[in-house]
Amino acid sequence: MARRVGLLGGTFDPPHLGHLVVAECARVELHLDEVRLLVAGDPWMKSTTSPPSPVEDRVAMAAAAVAHDPHLTVDTREVGRAGPTFTADTLSALHDAEPDVDWWFVLGEDAALELPRWSRVAEAFALATFVVVTRPGHAAPTAEELPNALVHLEIPQLEVSSTELRRRFAQGLATRYLVPVTVDRYVRDHGLYGAGDG
């Protein structure tokens with residue numbers, strides 16, 4: 001029987017408890033053997049108004065976030081790729097490297113709304129089952145351009161975002177319990193986002 005592996009992509013700048021809740025809910029409720037945090041290299045649709053933190057810091061924070069969970073790992077294949085990151089390329093490479101794995105690509109409602117604009121979205125859908133994470137009481141996004149094979153997963157919603165966390169670190173506001181303690185320590189030890197030792 002094929003292993004079932006989930007992929008949760010993102011810049012993880014920084015990774016926070018919301019990311020981990022999504023990963024764990026997907027793992028348990030979709031009966032996945034493993035969920036990988038897929039650290040983005042140069043995501044082609046990401047806003048360029050604020051460039052992400054250096055990739056080595058984002059990878060290190062993602063690794064710190066999952067270090068004590070045997071079911072969560074970090075995949076760095078996208079950060080080593082030159083040029084913009086396309087999900088179809090990543091999924092194709094994963095199929096070549098691990099052909100016996102059943103892939104599940106997990107993304108939020110906001111990202112799902114952008115699926116019609118993705119490069120080679122039909123190819124990506126042929127390579128993985130796409131899972132849209134929804135908020136309690138909210139309908140999952142629908143669009144005529146999307147395949148009807150989307151799986152919808154409702155999870156508890158934590159009102160935390162990487163953007164807000166960067167602001168909180170920069171302003172010396174509380175971040176404890178919003179990120180794993182290992183991530184909080186990494187940010188402060190390396191002075192990311194203008195954070196001091198708090």
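The values are calculated or read from the model by the stated rules, or taken from the named source; none is laboratory data. Predicted model only: the values in this text are computed from it and were never measured. For neighbour counting, all protein chains shown are included, and Cβ atoms are generated from backbone atoms with ideal geometry for every residue, glycine included.
How about segment 168-198: which of its residues are free of Cβ contacts under 8 Å to residues at least 12 places away in the same chain, under 18 Å from S50 (Cβ atoms) and surrounded by 13 or more Cβ atoms within 10 Å (Cβ to Cβ)?
Across segment 168-198, the qualifying residue is only R168.
Can you name every residue in segment 34-43 that is modelled with pLDDT of 95 or more and out of contact with any helix residue (DSSP H, G or I) (no Cβ under 8 Å at 6 or more places or on another chain)?
Hit for segment 34-43 is R36, nothing else.
Any residue at all in segment 97-105 that is touching a Gly at 6+ places or on another chain (Cβ under 8 Å) and aliphatic (A, V, I, L, M)?
Within segment 97-105, not a single residue is touching a Gly at 6+ places or on another chain (Cβ under 8 Å) and aliphatic (A, V, I, L, M).
Given the conditions (1) out of contact with any Asp or Glu (no Cβ under 7 Å at 6 or more places or on another chain); (2) at pLDDT below 80; (3) surrounded by 12 or more Cβ atoms within 10 Å (Cβ to Cβ), and given that T85 satisfies all but one, which numbered condition is not satisfied?
(1) is the only condition that T85 fails.
Let me spell it out: the conditions are (1) in contact (Cβ under 8 Å) with a residue 40 or more places away in the chain; (2) crowded, with 16+ Cβ neighbours inside 10 Å; (3) under 18 Å from I155 (Cα atoms), and E29 meets all of them except one. Which number is the exception?
(2)
Tally the residues that are modelled with pLDDT of 95 or more and either in contact with a helix residue (DSSP H, G or I) (Cβ under 8 Å, 6 or more places away or on another chain) or assigned to a strand (DSSP E or B) (or both), restricting the search to segment 96-114.
Number satisfying all stated conditions: 6.
Out of all the residues in segment 4-11, is one or more within 27 Å of S119 (Cβ to Cβ), among the charged types (D, E, K, R) and modelled with pLDDT of 95 or more? Quick ask: steps written out before the conclusion?
Step one: filter segment 4-11 for residues within 27 Å of S119 (Cβ to Cβ), giving 4-11.
Subset that is among the charged types (D, E, K, R): 4.
Going one step further and asking which of them are modelled with pLDDT of 95 or more, we end up with 4.
Yes, some residue in segment 4-11 is within 27 Å of S119 (Cβ to Cβ), among the charged types (D, E, K, R) and modelled with pLDDT of 95 or more.
Which condition number does S50 fail, the rest of (1) surrounded by 12 or more Cβ atoms within 10 Å (Cβ to Cβ); (2) polar (S, T, N, Q); (3) touching a Lys or Arg at 6+ places or on another chain (Cβ under 9 Å) being met?
Unmet condition: (1).
Taking the condition more than 18 Å from the chain's Cα centre (by Cα), at pLDDT below 85 and not hydroxyl-bearing (S, T, Y), does A174 pass?
Values: more than 18 Å from the chain's Cα centre (by Cα): yes; at pLDDT below 85: no; not hydroxyl-bearing (S, T, Y): yes.
Against the criterion (more than 18 Å from the chain's Cα centre (by Cα), at pLDDT below 85 and not hydroxyl-bearing (S, T, Y)), A174 does not qualify.
Would you call E114 surrounded by fewer than 17 Cβ atoms within 10 Å (Cβ to Cβ) and touching a strand residue (DSSP E or B) at 6+ places or on another chain (Cβ under 8 Å)?
On the way: surrounded by fewer than 17 Cβ atoms within 10 Å (Cβ to Cβ): yes; touching a strand residue (DSSP E or B) at 6+ places or on another chain (Cβ under 8 Å): no.
The answer is no for E114.
Please enumerate the residues belonging to segment 95-129 that are of a type in the set (A, V, I, L, M, F, W, C), farther than 19 Å from G18 by Cβ and in contact (Cβ under 8 Å) with a residue 24 or more places away in the chain. Spell out how you get there, then give the answer.
The initial filter retains those residues of segment 95-129 that are of a type in the set (A, V, I, L, M, F, W, C), namely 97, 101, 103-107, 111-113, 115, 118, 121-122, 124-128.
Adding the requirement that they be farther than 19 Å from G18 by Cβ leaves 97, 101, 103, 115, 118, 121-122, 124-128.
Within segment 95-129, V101, W103, L115, W118, V121, A122, A124, F125, L127, A128 qualify.
Can you pull out the residues in segment 44-67 that are at pLDDT below 95, under 23 Å from V181 (Cα atoms) and in contact with a Ser or Thr (Cβ under 9 Å, 6 or more places away or on another chain)?
Once the filter is applied, which keeps residues that are at pLDDT below 95, under 23 Å from V181 (Cα atoms) and in contact with a Ser or Thr (Cβ under 9 Å, 6 or more places away or on another chain), segment 44-67 yields P52, S53, V55.
So which residues in segment 53-82 are surrounded by fewer than 21 Cβ atoms within 10 Å (Cβ to Cβ), in contact with a strand residue (DSSP E or B) (Cβ under 9 Å, 6 or more places away or on another chain) and among the basic types (K, R)?
R77, the sole residue that qualifies.
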